[in-house]
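Structure first, then comments.
The values are calculated or read from the model by the stated rules, or taken from the named source; none is laboratory data. What you see is a predicted model; the values in this text were computed from it and never measured. Here Cβ is always computed from backbone atoms with ideal geometry, including for glycine, and neighbour counts include all displayed protein chains. Surface areas here come from the heavy atoms of the whole protein model, side chains and all, with no ligands, DNA or RNA. Shrake-Rupley method; radii C 1.70, N 1.55, O 1.52, S 1.80 Å.
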Amino acid sequence: MTTPRLRPLIAGNWKMNGSRALTTDLIRGLAGLRAARPDLAVDLLVCPPAPYLTLAGELLRGSGIALGAQDCHVKASGAHTGDVAAAMLVDCGCQAVILGHSERRADHGETSALVAAKARAALDAGLTAIVCVGETEAERDGGATLEVVSAQLEGSIPADAEAGHLVVAYEPVWAIGTGKTPTPDDVAAVHAHIRGLLKAWFKDGAEMRVLYGGSVKAANAAVLMHVPEVNGALVGGASLKAEDFWGIAQGAV
Ligand code: PEP
């Protein structure tokens, strides 16, 4: 049985892109599009690089669009040069943080145990943790997708997480930034599997949003966003243009 449709979340991961000028233009553009269609039944979230969070938070005020970050440290404060605490993100106006993105797992050797500790810190600070999981191309070709996703999920989500503050993003690594996407049937199979695990582990697992991420664009959003158990998108490249991001949001309803 599929879960009743949850309100979609369209989250933009700007990655290490942008400037003060881009942040200003992009958020003004998005806020204008959102203001013209407040009835569109989607939640929007933008996740700029850390240096632009405060500016973005100011620009987003009153827009109905939420602000998120791309990482946080496990500790609340201290001698951790270059790192950012979850409470600092809250102080900058963030409501959410992306954790365990495959680029952080690859670039910084982040393990699922570290991701779980970061998610714990995020939840303690009052943030929503968007926990990313996904298989590499070799793992997919080896038929290990469900095994990899299960292990990452089990290792990365705190045991007491609740639907109001926990979002899962399924992002096949081979689909990120490549223009390649899984077939809708493949997405459906992985999302059904994730939903089964969440329901088994959490009493409100049916209400936890599970996003699909990997080369989502306005042109494929309507199909991907209507796959059963897909509750929105985590968007990289197409989140850097207001019209493209908004096009995805329109496709999700
Ligand atoms: C991402 O990195 O989270 C992502 C989904 O990127 P893209 O949309 O560019 O594939």
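Count, please, the residues in the range 61-84 that happen to be surrounded by 17 or more Cβ atoms within 10 Å (Cβ to Cβ) and within 28 Å of Ala31 (Cβ to Cβ).
10
Just to be sure before I move on: is Pro8 within 16 Å of the ligand (Cβ to nearest atom) and touching a helix residue (DSSP H, G or I) at 6+ places or on another chain (Cβ under 7 Å) in the structure I sent?
The answer is yes for Pro8.
What residue, of Val223, Val173, is modelled with pLDDT of 95 or more and crowded, with 16+ Cβ neighbours inside 10 Å?
One residue alone meets the criteria, Val173.
Of all residues in the range 178-212, how many are within 19 Å of Ala161 (Cβ to Cβ), touching a Gly at 6+ places or on another chain (Cβ under 9 Å) and either within 16 Å of the ligand (Cβ to nearest atom) or among the polar types (S, T, N, Q) (or both)?
Qualifying residue count for the region: 3.
Which condition number does Val131 fail, the rest of (1) surrounded by 14 or more Cβ atoms within 10 Å (Cβ to Cβ); (2) more than 15 Å from the ligand (Cβ to nearest atom); (3) farther than 27 Å from Ala219 by Cβ being met?
That leaves (2) as the condition not met.
Going by the structure shown, is Val115 in a helix (DSSP H, G or I) and touching a Gly at 6+ places or on another chain (Cβ under 8 Å)?
So Val115 passes the test.
So, in the range 11-35, how many residues would count as being among the polar types (S, T, N, Q) and more than 16 Å from the ligand (Cβ to nearest atom)?
Final tally of qualifying residues: 3.
Go through the range 58-94 and give me each residue that's touching a strand residue (DSSP E or B) at 6+ places or on another chain (Cβ under 7 Å) and more than 23 Å from Ala169 (Cα to Cα).
The one that is touching a strand residue (DSSP E or B) at 6+ places or on another chain (Cβ under 7 Å) and more than 23 Å from Ala169 (Cα to Cα): Leu60.
Is it true that some residue in the range 23-38 is buried (at least 19 other Cβ atoms within 10 Å of the Cβ), over 23 Å from Met225 (Cβ atoms) and in contact (Cβ under 8 Å) with a residue 24 or more places away in the chain?
Within the range 23-38, one or more residues are buried (at least 19 other Cβ atoms within 10 Å of the Cβ), over 23 Å from Met225 (Cβ atoms) and in contact (Cβ under 8 Å) with a residue 24 or more places away in the chain.
Considering each residue of the range 85-108, count those that are open to solvent by 50 Å² or more (accessible area, probe 1.4 Å) and not hydrophobic (A, V, I, L, M, F, W, C), and give that number. Working first, answer last.
Here is the first cut: in the range 85-108, the residues open to solvent by 50 Å² or more (accessible area, probe 1.4 Å) are 87-88, 90-91, 95, 103-104, 106-108.
Now narrow it down to the ones that are not hydrophobic (A, V, I, L, M, F, W, C): 91, 95, 103-104, 107-108.
Adding up the residues that qualify gives 6.
Of the conditions (1) closer than 24 Å to Ala113 by Cα; (2) touching a His at 6+ places or on another chain (Cβ under 8 Å); (3) crowded, with 23+ Cβ neighbours inside 10 Å, Leu166 satisfies every one except a single condition; which number is it?
(2)
Can you list the helices (runs of 4 or more DSSP H) found entirely within the range 138-250 that contain at least 1 residues being under 18 Å from the mean Cα position of the chain (by Cα) and among the hydroxyl-bearing types (Ser, Thr, Tyr)?
145-156
Hey, any hits in the range 147-165 for a residue that's within 16 Å of the ligand (Cβ to nearest atom), small (Gly, Ala, Ser) and more than 20 Å from Arg104 (Cα to Cα)?
Let us first name the residues in the range 147-165 that are within 16 Å of the ligand (Cβ to nearest atom), namely 149, 152, 156.
Still in the running and small (Gly, Ala, Ser): 156.
With more than 20 Å from Arg104 (Cα to Cα) added as a condition, the list becomes none.
Within the range 147-165, not a single residue is within 16 Å of the ligand (Cβ to nearest atom), small (Gly, Ala, Ser) and more than 20 Å from Arg104 (Cα to Cα).
Do the conditions hold for Ala122, that is, is it closer than 29 Å to Leu55 by Cα, open to solvent by less than 40 Å² (accessible area, probe 1.4 Å), in a helix (DSSP H, G or I) and at pLDDT 95 or above?
For Ala122, the condition - closer than 29 Å to Leu55 by Cα, open to solvent by less than 40 Å² (accessible area, probe 1.4 Å), in a helix (DSSP H, G or I) and at pLDDT 95 or above - is met.
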